[in-house]
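Novice: Structure incoming, see below.
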Amino acid sequence: MLAATAGHPGFLSPTGVEIAFVLVGIVTLGAAFITVTTRQLVHAALWLVVALGGLAVEYLLLTAEFIAWVQVLIYVGSIVVLLLFGLMLTRAPIGHSPDADSGNRWIALGVAGASAIALVWVVVDAFRTTWIDLDGPAQGSTDATGAFLFRHWVLPFEALSVLLLAALVGAIVLSRKDREDKS
Amino acid sequence: MNDVLDVALRLLIVFAVFMVVPLVVGQAEHKVMAHMQGRLGPMYAGGFHGWAQLVADGVKFVQKEDVVPAEADRRIFQLAPAVALLPYLLVIVAIPIGPGEGAVGQVVDAGIFFVLAVMGVGVLGSLMAGWASANKFSLLGGLRTAAQLLAYELPMLLAAASVAMAAGTVSLPGILDAFEWWWLPWQIVGALVFFVAGLAELQRPPFDMPVADSEIIFGAYTEYTGLRFALFLLAEYAGIVVLCALTTVLFLGGWHGPLGDDGLGWVWTLLKTGVLAFVVIWLRVTYPRLREDQLQKLAWTTLIPLALAQIALTGIVKVAIN
């Protein structure tokens, strides 16, 4: 985002925040790994909470407070609740659920690896050695995020909302279709 | 060193508030319900209105055996009460009770989002309890909890967004600084929506379908005993305190009052919170439980349109006065 360069502190002699960032990152990655490898469905959903929460902490460490709380609100508070709701409605036994394995493990691994490489590549290439000045005014505060979003990125923002609206309408149409067929 | 001391002191005070105020609300509920229903309840322990019964109850809970059902998912079953309770402790840190930085545990820049986000996490505790108990009543309770949360999260957020628009900030102390008395009639619809949605999120009567004792025993908490059960109860009372304090801060002007704003602001906050908590208890005694379909209908066809109308009104007035 709005990362003003504040000199170049170098990679050696990291600060406390940087160490915390790396540690939380490792925890997040570990939780994400367990999410996709555990054989217990509901445990996977709960590890997802840890992974998404870890991501929120990373945002916080990068001073993006607003993004962090929205992350918790939307992902932990709503998406995971929706996931758990779905799991409870279908079959989520306590203990292993071997029939939940679809056999696409290796393809999924390939897709996940490819997208991870692409994302890391893009982010590293875009930011390189940009450093956020953590001591100055918060660059990810609600104020800064809002101004940035609605001044520079307002068109993509609106396009996204139209896209989401279309998805919403599509979901309603799909879920209503069956009833009309029967009648 | 002074900073460390300051932070430690603040955390200590927040923790003390967290331990004391929910218990006071719990005791008030027992007494208010008793008097409204024309019965006395335990009156002797400790003397005045049997206040020490609360302590005795606590001792009883601690002494009870902590049972985990054989078929349950042990770790999740045992973790669930903590997940349900701790978010409220975190929320109390961000709620200002008086003017200035001295009267809030920690000033959070995106306060509204912090508070609502963390409150939403608490519901995961009920879901975990419902699933891990390996009991069909618990599972039904968990399902109802999730359905209720999904329905009522949206109106609550929209109502809070309306206040944020009015104040031009999402920080809780910032909203209080911007407060004027005429916000009260201006935001009254939002206030009602927020309070009702909050009640539903806490599963308080008349929205207590997830724990409906006549149908599914005690919903997600059916299998819990002893201290863990007490923690769930404590989470409910802490939830009432948080909801009432938030409604006070967002819609009723918090520490603003007819007189004595500067020195006695915290008295106003506590007074308004207390009155709202009384209303919560009052509703429990007066209204019958809503059925599941009535519950969903209220959220989707009444509260959300009302909240949207409130946002439109806020926007129009805001543009007009600028």
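Novice: Based on this model, can you work out whether A:Leu84 counts as farther than 19 Å from B:Val91 by Cα, facing another protein chain (nearest Cβ under 7 Å) and not small (Gly, Ala, Ser)?
Specialist: Yes, satisfied.
Novice: Going by the conditions given, is B:Val91 under 20 Å from B:Ile240 (Cβ atoms) and either more than 11 Å from chain A (Cβ to nearest Cβ) or open to solvent by 20 Å² or more (accessible area, probe 1.4 Å) (or both)?
Specialist: Spelling it out, B:Val91 is indeed under 20 Å from B:Ile240 (Cβ atoms) and either more than 11 Å from chain A (Cβ to nearest Cβ) or open to solvent by 20 Å² or more (accessible area, probe 1.4 Å) (or both).
Novice: May I pose another question? Among the numbered criteria (1) crowded, with 16+ Cβ neighbours inside 10 Å; (2) over 17 Å from the mean Cα position of the chain (by Cα); (3) polar (S, T, N, Q), which one does B:Ser126 miss?
Specialist: (2)
Novice: Among the residues of the range B:295-317, is there at least one that is within 20 Å of the chain's Cα centre (by Cα) and either closer than 23 Å to B:Met33 by Cβ or in a loop (DSSP other than H, G, I, E, B) (or both)?
Specialist: Yes, the range B:295-317 contains a residue that is within 20 Å of the chain's Cα centre (by Cα) and either closer than 23 Å to B:Met33 by Cβ or in a loop (DSSP other than H, G, I, E, B) (or both).
Novice: Go through the residues of the range B:46-57 one by one and say whether even a single one is out of contact with any Leu (no Cβ under 9 Å at 6 or more places or on another chain), aromatic (Phe, Trp, Tyr), over 14 Å from B:Leu243 (Cα atoms) and part of a loop (DSSP other than H, G, I, E, B).
Specialist: Within the range B:46-57, one or more residues are out of contact with any Leu (no Cβ under 9 Å at 6 or more places or on another chain), aromatic (Phe, Trp, Tyr), over 14 Å from B:Leu243 (Cα atoms) and part of a loop (DSSP other than H, G, I, E, B).
Novice: Regarding B:Val62, is this residue open to solvent by 20 Å² or more (accessible area, probe 1.4 Å) and at the interface with chain A (Cβ under 10 Å from one of its Cβ atoms)?
Specialist: no
Novice: Which residue is most open to solvent (accessible area, probe 1.4 Å), if the candidates are limited to the range B:133-154 and must be touching a helix residue (DSSP H, G or I) at 6+ places or on another chain (Cβ under 6 Å) and facing another protein chain (nearest Cβ under 7 Å)?
Specialist: B:Leu139
Novice: Report those helices (runs of 4 or more DSSP H) wholly inside the range B:128-196 carrying at least 1 residues which are farther than 30 Å from B:Asn322 by Cα and in contact with a Leu (Cβ under 6 Å, 6 or more places away or on another chain).
Specialist: So the answer is B:136-167.
Novice: Here's something else I'd like to know. For the condition over 13 Å from the mean Cα position of the chain (by Cα) and either farther than 18 Å from B:Pro22 by Cα or open to solvent by 30 Å² or more (accessible area, probe 1.4 Å) (or both), what is the one hit in B:Phe194, B:Phe251?
Specialist: Residue meeting the stated conditions: B:Phe251.
Novice: Follow-up. If I filter the range B:83-96 for residues that are closer than 30 Å to A:Thr145 by Cα and of a type in the set (Gly, Ala, Ser), do I get at least one hit?
Specialist: There is at least one residue in the range B:83-96 that is closer than 30 Å to A:Thr145 by Cα and of a type in the set (Gly, Ala, Ser).
Novice: Given B:Arg10, B:Arg39, B:Arg74, which one is within 21 Å of B:Met128 (Cβ to Cβ), open to solvent by 30 Å² or more (accessible area, probe 1.4 Å) and basic (Lys, Arg)?
Specialist: Matching residue, one of B:Arg10, B:Arg39, B:Arg74: B:Arg74.
Novice: Right, next: Which of the residues that make up the range B:204-228 are crowded, with 20+ Cβ neighbours inside 10 Å and either in a helix (DSSP H, G or I) or free of Cβ contacts under 8 Å to residues at least 60 places away in the same chain (or both)?
Specialist: B:Met209, B:Pro210, B:Val211, B:Ile216, B:Gly219, B:Ala220, B:Tyr221, B:Arg228
Novice: Give B:Gly174, B:Gly105, B:Gly120 a once-over and let me know the one that is modelled with pLDDT under 85, within 14 Å of chain A (Cβ to nearest Cβ) and within 20 Å of the chain's Cα centre (by Cα).
Specialist: Only one candidate passes the filter, namely B:Gly120.
Novice: Tell me the helices (runs of 4 or more DSSP H) entirely within the range A:14-107 that contain at least 3 residues that are touching a strand residue (DSSP E or B) at 6+ places or on another chain (Cβ under 8 Å).
Specialist: It comes to none.
Novice: Could I ask something else about it? Given the criteria part of a loop (DSSP other than H, G, I, E, B) and open to solvent by less than 40 Å² (accessible area, probe 1.4 Å), does B:Val32 qualify?
Specialist: It is false that B:Val32 is part of a loop (DSSP other than H, G, I, E, B) and open to solvent by less than 40 Å² (accessible area, probe 1.4 Å).
The values are calculated or read from the model by the stated rules, or taken from the named source; none is laboratory data. Treat the numbers as computed from the prediction; the structure is a model and nothing was measured. A quick note on method: Cβ atoms are made from the backbone with ideal geometry, for glycine too, and the neighbour counts reach across all protein chains shown. Calculation scope for accessible area: heavy atoms of the full protein, side chains included, ligands and nucleic acids excluded. Shrake-Rupley method; radii C 1.70, N 1.55, O 1.52, S 1.80 Å.
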